[in-house]
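> Would you mind keeping the following structure in view while I ask a few things?
Nothing in this text is a laboratory measurement; each read-out follows from the coordinates by a stated rule. Keep in mind that what you see is a predicted model, and the values were worked out from it rather than measured. We place every Cβ from the backbone using ideal geometry, glycine too, and count neighbours over all the protein chains shown.
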Number of protein chains: 4
Amino acid sequence: MTYQEVMEQARGAMGPYCKACPVCNGLACRNTVPGPGAKGIGTGFIRNYQKWQELCVNMDTICENKPVDTSFTLFGRTVDLPVFAAPVGAMTLHYGDKYNDLAYNDILVAACAEAGIAAFTGDGTDPAVMEGAAAAIAKNGGCGVPTVKPWNLETIRQKMDLVKAADPFAIAMDIDAAGLPFLKNMTPPAGSKTVEELREIVAMAEKSFIVKGIMTVAGAKKALEAGAKGIVVSNHGGRVLDQCPSTAEVLPAIVDAVGGRMTILVDGGIRTGIDVFKALALGADAVLIGRPFVTMVYGAGAEGVKTYVEKLKAELADTMAMCGAHSLADISRSMLYGF
Amino acid sequence: MTYQEVMEQARGAMGPYCKACPVCNGLACRNTVPGPGAKGIGTGFIRNYQKWQELCVNMDTICENKPVDTSFTLFGRTVDLPVFAAPVGAMTLHYGDKYNDLAYNDILVAACAEAGIAAFTGDGTDPAVMEGAAAAIAKNGGCGVPTVKPWNLETIRQKMDLVKAADPFAIAMDIDAAGLPFLKNMTPPAGSKTVEELREIVAMAEKSFIVKGIMTVAGAKKALEAGAKGIVVSNHGGRVLDQCPSTAEVLPAIVDAVGGRMTILVDGGIRTGIDVFKALALGADAVLIGRPFVTMVYGAGAEGVKTYVEKLKAELADTMAMCGAHSLADISRSMLYGF
Amino acid sequence: MTYQEVMEQARGAMGPYCKACPVCNGLACRNTVPGPGAKGIGTGFIRNYQKWQELCVNMDTICENKPVDTSFTLFGRTVDLPVFAAPVGAMTLHYGDKYNDLAYNDILVAACAEAGIAAFTGDGTDPAVMEGAAAAIAKNGGCGVPTVKPWNLETIRQKMDLVKAADPFAIAMDIDAAGLPFLKNMTPPAGSKTVEELREIVAMAEKSFIVKGIMTVAGAKKALEAGAKGIVVSNHGGRVLDQCPSTAEVLPAIVDAVGGRMTILVDGGIRTGIDVFKALALGADAVLIGRPFVTMVYGAGAEGVKTYVEKLKAELADTMAMCGAHSLADISRSMLYGF
Amino acid sequence: MTYQEVMEQARGAMGPYCKACPVCNGLACRNTVPGPGAKGIGTGFIRNYQKWQELCVNMDTICENKPVDTSFTLFGRTVDLPVFAAPVGAMTLHYGDKYNDLAYNDILVAACAEAGIAAFTGDGTDPAVMEGAAAAIAKNGGCGVPTVKPWNLETIRQKMDLVKAADPFAIAMDIDAAGLPFLKNMTPPAGSKTVEELREIVAMAEKSFIVKGIMTVAGAKKALEAGAKGIVVSNHGGRVLDQCPSTAEVLPAIVDAVGGRMTILVDGGIRTGIDVFKALALGADAVLIGRPFVTMVYGAGAEGVKTYVEKLKAELADTMAMCGAHSLADISRSMLYGF
């Protein structure tokens, strides 16, 4: 099944909001929430996508002609390429009733493991969501990263006990989720966490802990101070706060500040293997991709995921070869024009 | 009543010029005068709106989770959020015959006081306009800022006597009004004022005096020299001079020059609570919003005003929480990307 | 007769190329030659217009309220405002058969003199064009600037004898005319001139001599060296060379290099009194305006010219008053935002 | 036959992908491959074109009026203007079945020689393509540059023997061709070359050797180190790697690094004589033009080529005259605005 065929099938299978556009760039959905859009005037998603496009890569093919290695190891788990499926939730509400969160995570976790990568799973106000995600990760040998929302500490402790039992190779928290319109004034309550609270949560996790939703150098330093092993530079795809800068814009300064001392992941508007290359050239260790995996799963389930992962891998390998990088470690900022 | 419902009602209730657009950005009305448009080629209004949009906010949710306080005190009067309704005049001419200036001010002053903010009122060649405004402010316990046009000193003295009797917490003058097409060659005459004349006017006012229509550092310093307690960085929504810079562009230098020594307000293209946040982050103490309040009053009277104020407050509070600011004093330039 | 009425009449009176657009900005005609368009891909005209729009003026009305004086003196001749009608030729070919060059110049020279300004007149391969222009200028008391094309020296000498007899207050040469598609390989031949040749031409003129078509500091210095009393910073409205910078872009450096030592005029995309203000703020002494005068003459003859000159004067005076300039000498670069 | 007439004929004569657009700028074909489009999202071609347009030329006609000489000598071969037809291959696939590679090269090589320039010829997996190209070049007195793909060394040696027999004045290799979708996993294999391998290839060639596909200073230095006599700054028209910078952007730094020590050619989005002027002003010695020659040949065969070469020459000569350059050596970076 080709990528185009999966996309065409997705168009009939999704709810009224996502149009499964040829390029998933936020222009059609803008501020459609419920739906895949961004908050406020909807420019957060658009800018995320746009800023990757403004970066150009430096071609140089006077180099050795040898195979390219795209493999990546995160906290002891080696994957075929430095790409993870991002956590997504409230599937029925935003993407249509073909799947609920449990069914989606069940397909996604297994499909990603099968395709050689790993999925982050989302959380929900319904406890069954995280239970299902934990079960899926356990079933797939711990190949997945459960992502807990920033509930009160009591709730987080319960969720941690649940997900640790699945033995994932890392646990994440999307610290910015307090800004989600759908999470405001819910039970259990969610909200910001101080460094001290975050340190307590890291201790509870007993696994490599990733803080998702970092957009400033100050935030990255606080996550490091709290004991996180990694961060995801992310504005939640533009969905938690209107008119943020793009992740591509803030990434370099964050890399300069905490790079080498913790793992730096990034998401937001990354669509192709060349975008992955650019993120790594700016200094990210790996990336997360969200909405496109939804389209793939709605379009063709596990086969959609496999098709997309293969496409990403081919694009990344091609770009690496054309820029003279034979392993991820070879990719440097000097491979971007103007840096 | 939701904001969308007020907007829909406004569409049927306004005159032929204002379209009550989903986003009030000057693109539809451009240089429509009479109407809500700007002078000349009409880019003044558009640029005002646009430049706020180009600013991005820095999200950082690793912080204490506690309630946000949006309250603001201006010259002893505390309001719920740092937003004032701007003075607008010639309502029938520009916005349709549902209201004349008297009826509009009467609703606006009371509705703003009720909603927890305060309104600036406009002036007109017809003396009844200011008389009505003064009466409305008196009725609402001085919760309003009468804004006198830069007439000749004799006329100003008469207006001052009238408005002081209403005991407002401040009095303003839109010093740039001489550029209004509708005020040219009128009786009484209006025009520029020297620092000396302005000092005399400040003395007449016997209240905290605000000079509205400052667009340069030199102008801000002259207002300070004349004894004004505050300024409004404003180009009159683009209506008094074509092809001014936007207020967002000139604000930072003015803050750097006179900030701390006088209160700095700003208007022009501010539409949402996130725009308010950006203005405060650049150094303004508070903002004025004009055209949207017209739409709200034409759409649903006092209820429209209430709906819009609640929307602004929720957006401002949400942005503050997501950027780690718990009071207006916490908002700083470092919360804007690139500053 | 209003400006809008003249424009509407012009729409029916012009040939197939010029559309008498509401804003004369080169977007509709682009590279239409014959017609009012520019050479090559047609961006020269568009960029000329656009770059004036990107400049913003600094409003400051805290100043004395006194009348504004827009009068300007060029080589002893005082005009009501610092605006001249630019030389235009081949009227029938480019703008339609309502006028030929003789008829057009005849109306334009008299109408400009009557309206308080002065016209530059164009030249043609047909000797009758310059004869007619000289006659029109003589009839109007020397109120006009005949503009000779850069023919061979022999032809220029003949033209000079002709135009000096009309006793104009200045004589000009559009040194860039060699690039006109319609002048290539014509008889008499036209082309570039060295400083030495230009000095000889200046001597022939025996009047204040203006070199039109300067786009570089080097060119301005050569004109000065050759004895010219003035230059017109001009790219011939984009018609002689494709993809020049705009005149607004190159003007400041030329002013810095030769300002004070010779008169600096500028044309290209200037349409309103606020554009005139910007040109003067950048350091020009006065401006030329071309295409709009054609539209005015085709629309309503002398009355069109009068209407447009009044419009320009009102706009210029309004902008001066709103920026605190009471005479042309008061206008400075600090009245532009960012300068 | 006029240029417009050739274009109109081309529209009926080409395959389904190329639209023979009035301006060949990549906007209509974008990422159409097969077809004339670029790789990935298709911005490589568009950016190539766009960046030349952003450069402006400095007009200065105060100079001697004498004829302009556009002639250029490359490795002992003098041509009428500094323009070469670029190598293009797989004609039937991309441009329609009016021609295959052999027929196209046969027409192109002869037509270019006849029109006073010279053509580079493309290579293919079918050995007959290079045999035909070599024959065409031999027939035209060595007036052509055979361009060998970066096959394995054994294959390259065979091709070299073949093309040297045609006695061309230079031999080229498009080192970036490994990125062509149509060349991946083909027999013989193609791919990157180290400096050492390239040095071996240069030795085999026994002719002035040109490395095509250089986009970085590092790459240019490696080509120099390998013994190349020239490079073509090129991203293969955007067809081998997505989201490269444009060639106009990278050219100046490459000129600064290796200029004077090797010949520097450039291609990508060059369409008119004024683009050629800009490339030379940035420091290139000459340019290659690709897609437009295809359109000319499909439209009118050799006559199309002649028409286009004459158009380019007239535009280049006109621009040179208007900027005061009388020979290619006179063209300097100071003739571009802002440099």
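> Tabulate in residue order the Karplus-calculated ³J(HN,Hα) for the range D:122-130, using 6.51 cos²θ - 1.76 cosθ + 1.60 with θ = phi - 60°, rounded to whole Hz; enter x for Gly and Pro.
Using θ = phi - 60°, the values come out as x, 10, x, 5, 7, x, 5, 4, 6 Hz.
> Here is the link list: B:Lys193/B:Lys222; D:Lys39/D:Lys184; C:Lys66/C:Lys306. Which ones come out longer than 19 Å on Cα distance?
Result: C:Lys66/C:Lys306 exceed 19 Å.
> Do you know the relative contact order of chain D, to the nearest whole percent, from alpha carbon pairs under 8 angstrom that are 6+ apart?
24
> So what's the net charge close to C:Cys21: Lys and Arg +1, Asp and Glu -1, counting the other residues with Cβ under 14 Å from its Cβ?
Net local charge, C:Cys21 excluded: +4.
> Please report the spacing between the Cα centers of the range D:300-339 and the range B:256-286 in Å, no decimals.
If you average the Cα positions of each part, the centres end up 53 Å apart.
> Turning to a different aspect of this structure: Beyond 21 Å, what share of the Cα-Cα pairs of the range D:11-116 is found? Please give it as a whole percent.
Pairs farther apart than 21 Å: 56 percent.
> Taking each label point as 7 Å beyond Cα in the direction of the beta carbon, state the distances from B:Ala103 to the same residue in the other copies, shortest first, in nm.
Relative to the other copies, B:Ala103 has label-point distances of 5.6, 5.6, 7.9 nm.
> Let me ask something additional. Peptide D:190-196: average number of partner chain Cβ atoms within 10 Å per residue?
4
> Where does the charge balance sit around B:Ala86 when Lys and Arg score +1, Asp and Glu -1, over other residues with C-beta under 9 Å from its C-beta?
+1
> Could I ask something else about it? Nearest 20 debye, what's the magnitude of the dipole of the protein assembly as shown about its Cα centre given +1 on Lys and Arg Cβ and -1 on Asp and Glu Cβ?
20
> Students often check this: by mean Cβ neighbours within 10 Å, which of D:38-46, A:68-76 ranks highest, and how do the rest follow?
Ranked by mean Cβ neighbours within 10 Å, highest first: D:38-46, A:68-76.
> Oh, and also: Please report the relative contact order for the range C:192-339, taking Cα pairs under 8 Å with a sequence separation of at least 6, and give it as a percent rounded to a whole number.
So the answer I get is 18 percent.
> If you don't mind, there's one more thing I want to ask. From the residues A:Ala248, A:Gly269, A:Thr295, which one has its Cα farthest along the dipole of the range A:236-339 in the positive direction, the dipole being from +1 and -1 charges on Cβ of Lys/Arg and Asp/Glu about the Cα centre?
A:Thr295
> When the Karplus curve 6.51 cos²θ - 1.76 cosθ + 1.60 is applied with θ = phi - 60°, which whole-Hz ³J(HN,Hα) does each residue of the range C:105-116 get, with x for Gly and Pro?
Here the 3J(HN,Hα) series is 4, 4, 5, 5, 4, 5, 5, 5, 4, 5, 7, x Hz.
> Please arrange B:Phe293, A:Phe277 by how many other C-beta atoms lie within 10 Å of their C-beta, fewest to most.
B:Phe293, A:Phe277
> Can you list the residues, at least 5 places off or on another chain, whose amide H is less than 5 Å from the amide H of D:Leu241, using H built in the peptide plane?
Correct list: D:Lys39.
> Can you compute log10 of I(q)/I(0) for the range A:229-275 with the Debye formula, treating each Cα as one identical point scatterer, at q = 0.22, 0.29 Å⁻¹?
Debye output, listed in q order: -0.82, -1.12.
> Here is a further query. What are the residues whose amide H is under 5 Å from the amide H of A:Val287, where those residues sit 5 or more places off or on another chain and H is modelled from the backbone?
A:Val83, A:Phe84, A:Val266
> Hey, another quick one. Computed on alpha carbon atoms, what radius of gyration and Dmax characterise the range D:263-335, expressed in Å?
Cα radius of gyration and Dmax of the range D:263-335 are 12.8, 38 Å respectively.
> Averaged across the residues of B:319-329, what count of C-beta atoms belonging to other chains lies within 10 Å of each residue's C-beta?
3
> Name the nearest-to-axis residue of chain D, judged by Cβ distance to the rotation axis taking chain D onto chain C, and quote that distance in whole Å.
D:Glu54, 11
> So, one more: Over the range B:208-285, what relative contact order in percent results from Cα pairs under 8 Å that are six or more residues apart?
Relative contact order of the range B:208-285: 31 percent.
> Using the Kirkwood radius over C-alpha pairs as Rh, can you work out the diffusion coefficient of the protein assembly as shown via Stokes-Einstein at 4 °C, viscosity 1.567 mPa s, in µm² per second?
37
> In addition: Before rounding to the nearest 500, sum -39500 (n - 2.57) across all DSSP H runs of length at least 4 in the protein assembly as shown and divide by the residue total; then give [θ] at 222 nm in deg cm²/dmol.
-13000 deg cm²/dmol
> Ignore the peptide's own chain and count Cβ atoms of other chains within 10 Å of each Cβ in D:242-251; give me the average, rounded.
Across D:242-251, the average partner-chain Cβ count within 10 Å equals 5.
> Next up: What percent antiparallel are the DSSP beta bridges of chain C, to the nearest 5?
15
> Another question, then. List, in order, the whole-Hz ³J(HN,Hα) value for each residue of the range B:298-304 obtained from phi through the Karplus relation with A = 6.51, B = -1.76, C = 1.60 and θ = phi - 60°; use x for Gly and Pro.
In residue order, the calculated couplings are 5, x, 8, x, 4, 5, x Hz.
> On a C-alpha basis, how far is the centre of the range A:58-90 from the centre of the range B:2-39 in Å? Whole number, if you could?
One Cα centre to the other: 51 Å.
> Looking only at the range B:84-239, where both bridge partners belong to it, what percent of the DSSP beta bridges are antiparallel (to the nearest 5)?
Around 5 percent of the beta bridges assigned by DSSP in the range B:84-239 are antiparallel ones.
> Please list, in chain and number order, the residues 5+ apart from B:Ala118 or on another chain whose amide H is under 5 Å from its amide H, with Hs placed from the backbone.
Excluding prolines and chain starts, which carry no amide H, the hits are B:Ala85.
> Sticking with this one: Take the eigenvalues of the Cα gyration tensor for chain B, scale each by 5, and report the square roots as semi-axes in whole Å, largest first.
Each semi-axis is √(5λ); the values are 28, 23, 20 Å.
> Further question on the same structure: Enumerate the lysines that D:Lys164 could reach by cross-link, defined here as Cα to Cα under 17 Å, with residues fewer than 8 away along the same chain left out.
Once the sequence-local lysines are set aside, what remains near D:Lys164 is D:Lys139, D:Lys149, D:Lys207, D:Lys229.
> About its Cα centre, what dipole magnitude does chain D give when the only charges are +1 on Lys and Arg Cβ and -1 on Asp and Glu Cβ, stated in debye to the nearest 20?
The dipole of chain D has a size of about 560 debye.
> Something else: log10 I(q)/I(0), Debye, Cα-only the range B:176-333, no solvent, q = 0.13 Å⁻¹?
After summing over all Cα pairs, the log10 values are -0.70.
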